[in-house]
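To keep things clear, I will list the structure first and then write my remarks on it.
The values are calculated or read from the model by the stated rules, or taken from the named source; none is laboratory data. Here the structure is a predicted model, which means the values were calculated and not measured. Because the Cβ atoms are built from the backbone with ideal geometry, glycine has one as well, and the counts that use them run over all protein chains shown. Side chains included, ligands, DNA and RNA excluded: accessible areas come from the protein's heavy atoms. Shrake-Rupley method; radii C 1.70, N 1.55, O 1.52, S 1.80 Å.
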Amino acid sequence: MDYPTFSMVNTKLFLFSRNSLNLLCNQFIIIAGILLSLWPLELIDTDFWYHLNSGRYLFENLEIPSRSFFSFIDPPRTWSNYYWLFQAIVYSLFNVAHYFGPLFLRAFLFTCVLLIIKKIFNQKDNPSEVECSFALLAVVAFALSILPRFFLIRPHLFSYLFMALSIYLLETKKKIWLLPIIGIFWFNIHGIMYPVFIILLLAYLADSYVKYVEITKTEGTDNLKMFRWSIIASMFCVFATPASTALFTSPFDTSPLQDLYISELQPFNFTNLFIFNFSSVSHVSITIQKLILWIGIFFYIKNIKYAFKKPGHLILMLGAMILLARYSRMIYVVMFLLLPIIANGLASIDRTSLLNHHWKKVFSLLMAILVFALFATINNYVRMRGSYPFSAYKTPLGVIEFIKHVKGKGLLLNDPSLGGILQWELYPDIKIHSDLEMSIFKDSDIYYNLAVYSDPIVFIKAINKYDPVFIMTDIFNDKHKSLIQTNSDYTPVFLDNISVLYVDSKQRPDIAKKYGLLNLDPYEIFELDWEKNIEEKKEILSEIERIHGVYGKIAIINMQLAGFAIVNDDYKKALTYAEVLTNTYPGMGVGYTIKGDVYLSKKKYAEAIRLYQKALTKKHDVRVEHIYYGLYQAYKFTGKHKKAYKYLSLALNPFNMKANADRICKLARAASAVGKHTRAKALLDLAEIKVKEDDMETINKINEARSWYKE
């Protein structure tokens, strides 16, 4: 797909010279790669860890994993492992440099992809200012659009690299002999993506046959033959894998119901292409993806009159739409498939068109929008950045450490979404039920697992069939509590940020006796109030301290211990727990909230306000209403009534039936302090309805507030 030649445009048309634009693009790519390398690995999903576990199995057994060795499902599941080389690579890097190795790999691949995209738009040795500006726009736009996928460490990262590299080689026809080598590596790292490679090869093969006269004139017969035979040879690389012919059917041999429980495997909703949303950082990447798609479609339609000369563009467009219709996550692949169409379309714009459309202003506006989106994205991620290199936020590390602590062995009934990290940390002593490897497990396996946690009949069947030693449940779903209680043998023994762990008291009576949570209800731990009936909660406190002794970095445990310390005026100990939270979970607001509570109690209101405000910039892992209420109190005691009323209004909606009469009365008094008397009177009416008859303190406050107004 040859580029039309640019006519040189006056350099005054552009913000920067050719060299400046080129340098700016290179600097952006390097900085983007460095920033990504500094971003921690998060538990967005646990696929990375099941790849690590399979890599470990491969090296320890000198056998490519092809059965569910980590699962207790009977009979074991078998599959064609089409990403075995990826598993070997990430495990090798992890083995050498722990999490830093895979993080470096992620950043390296991201940097390489952006550099190749730049080269696709700048194929000449001395590109013009027009080409350099287009390359810069393309690199920034693609960086923003593919960034979310690079937070995950999966085989698809290599697929993006191989797509970009294949397009560059096919466009430039340089070192075309590398294509079969790329194919061999690609099909062993992420073999299920081989149809994408075939689409690319067919597109350029079709163009080469239509343009054979032009190619012969410019490159000669030998180059033409090398080009064609390299493409044809590359197609047969699909068989150069341990799976051999089995890989051929893998992309089409999928579970028929997986779109019902995995969102990214749902068909793309094409009506969403007409919806553009820049209202939040999370929507920026999605909107830019859609814009790239529309630009590709625009240039295809614009140049459709040349379609008979470039049948490859039709193949790319059809392939892109078919893939997108199949899975929504294919939008990332589609952007790469449209790259040649976009690059060719931009290259076809002539000097007159650029001058008539005031390119300098357009370029400045586009760059301003992209740079703003970029900095907004970076700022959003940086302020919520977790601990490095691995963020323990929303992970079952506490439960994992407990099982290791008690030398647990046997079967663990688990949520499949956590299966990856559980098998990596606990195999071979512990076998789990399943993870979300859709190439291994069937729809019925996942459905069975989900039904175990929602249907008492299925739960009893699973217990009778497998007799697991441990069961993990969701700490935020108290329905699991009544479900587990249908079998009195299981005792809760531990909890962490997201899970509750039960043990079979018959199989491991030693664990149940020593660690059983007899007083603490794990599902109610977020509701504990240390200001009430503190003497009755000493046994609960003892169990919380025991959990802390096993694993001291659990967020909710440190929160509760800090809360108890504050009530007892032990501010030093409370700050110690808060410091653990800010160090372990720097992207969470809870540590700063506790520090704010401490300084509020110490009547250091300015420092309390600063800490509460900082907590608001983080992930709201505690009820944000608590932070607002703390700010209300701090501003109230400093005489800043407008701000006090503002934050109390945010903290309290009186029509939320959990709001008590005392808080509603405070809101009425705060409204009165800023002159909102009508609103204050209405709020007092609500407080009077809600107040208990024996709550004389609140009744007196309501009456006192009413006395301020004359009927």
Could you pull out every whole DSSP H run in the chain that spans at least 27 Å of Cα extent along its own axis and averages -1.0 or higher on the Kyte-Doolittle scale? 18-37, 100-121, 281-302, 359-383
Too long at a 27 Å Cα-Cα cut-off: which of LYS481/LYS572; LYS532/LYS642; LYS573/LYS666; LYS532/LYS676; LYS431/LYS514? LYS481/LYS572; LYS532/LYS642; LYS573/LYS666; LYS532/LYS676
Rounded accessible area per residue of the range 631-687, 1.4 Å, Å²: 54 Å²
Based on the Cβ-Cβ distance from THR249 to TYR99, what FRET efficiency comes out when R0 is 35 Å, to the nearest 0.05? 0.50
Order these peptides, 521-528, 400-407, by their mean beta-carbon neighbour count within 10 angstrom, highest first. 400-407, 521-528
Once Lys and Arg get +1 and Asp and Glu get -1 on their Cβ, which of ILE547, ALA574, LEU528 lies farthest toward the positive end of the dipole of the range 519-629? ALA574
Quick check on the chain: helices-only [θ] at 222 nm, where DSSP H runs of length 4 and up contribute -39,500 (n - 2.57) each and the sum goes over total residues. Nearest 500, please. -19000 deg cm²/dmol
Estimated distance in nm for a label pair at LYS619 and GLN485, the labels positioned 7 Å out from Cα along Cα-to-Cβ: 3.1 nm
Given points 7 Å out from each Cα along the Cα-Cβ axis, report the GLU535 to GLU688 separation in nanometres with one decimal. 3.8 nm
What does the charge add up to near TYR466, with Lys and Arg as +1, Asp and Glu as -1, over the other residues with Cβ less than 12 Å from its Cβ? 0
I'd like the FRET efficiency for ASN653 and HIS677, computed as 1/(1 + (r/R0)^6) with the beta carbon distance as r and R0 of 30 Å, rounded to 0.05. 0.90
What is the sum of charges, Lys and Arg at +1 and Asp and Glu at -1, for the other residues whose Cβ falls under 11 Å from the Cβ of ASN22? 0
Ignoring ligands, DNA and RNA, please state the percent of accessible area on the chain from carbon and sulfur, probe 1.4 Å. 59 percent
Could you point to the residue in ILE430, LEU38, SER66 farthest towards the positive end of the chain's charge dipole, with +1 and -1 charges on the Cβ of Lys/Arg and Asp/Glu respectively? LEU38
Given Cβ point charges of +1 (Lys, Arg) and -1 (Asp, Glu) and nothing else, what value in debye, to the nearest 20, does the dipole of the range 427-512 about its Cα centre take? 240 debye
At R0 = 41 Å, FRET efficiency that the Cβ-Cβ distance of VAL210 and PHE274 yields, to 0.05: 0.75
Quick check: pseudo-label points 7 Å beyond the Cα along Cα→Cβ at LEU314 and ARG149, how many nm apart are they? 2.7 nm
Considering amide H positions built from the backbone, and no H for Pro or chain starts, which residues 5 or more places from PHE390, or on another chain, come under 5 Å of its amide H? LEU41
Taking each pair of distinct Cα atoms in the chain once, what is the resulting Kirkwood hydrodynamic radius in Å? 29.4 Å
In debye, nearest 20, what is the charge dipole magnitude of the range 488-626 about its Cα centre with +1 on Lys and Arg Cβ and -1 on Asp and Glu Cβ, if you could check? 640 debye
So, counting K/R as plus one and D/E as minus one, what does the shell of residues with Cβ under 10 Å around ARG669 add up to? +2
Of the candidates TRP84, TYR300, TYR209, the farthest towards the positive dipole end of the chain (Lys/Arg Cβ +1, Asp/Glu Cβ -1, centred on the Cα centre) is TYR300
Counting only the backbone N, which residues of the range 393-432 are under 17 Å from the spot 7 Å out from the Cα of PHE526 toward its beta-carbon? 393-396
Return the lysines within reach of LYS119: Cα separation strictly under 19 angstrom, same-chain partners fewer than 8 residues apart disregarded; answer none if there are no such residues. LYS173, LYS174, LYS175
Want the number for ILE232 to GLU697: 0.36 nm per residue separation, take away the alpha-carbon distance, what's left? 158.8 nm
Estimated vicinal HN-Hα couplings, Hz - the range 511-528 in sequence order (Karplus 6.51, -1.76, 1.60; Gly, Pro = x): 5, 4, 6, 7, 10, x, 8, 8, 10, 7, 8, x, 7, 10, 5, 6, 9, 4
Based on Cβ point charges of +1 for Lys and Arg and -1 for Asp and Glu, what charge dipole magnitude is obtained for the chain about its Cα centre, in debye rounded to the nearest 20? 2640 debye
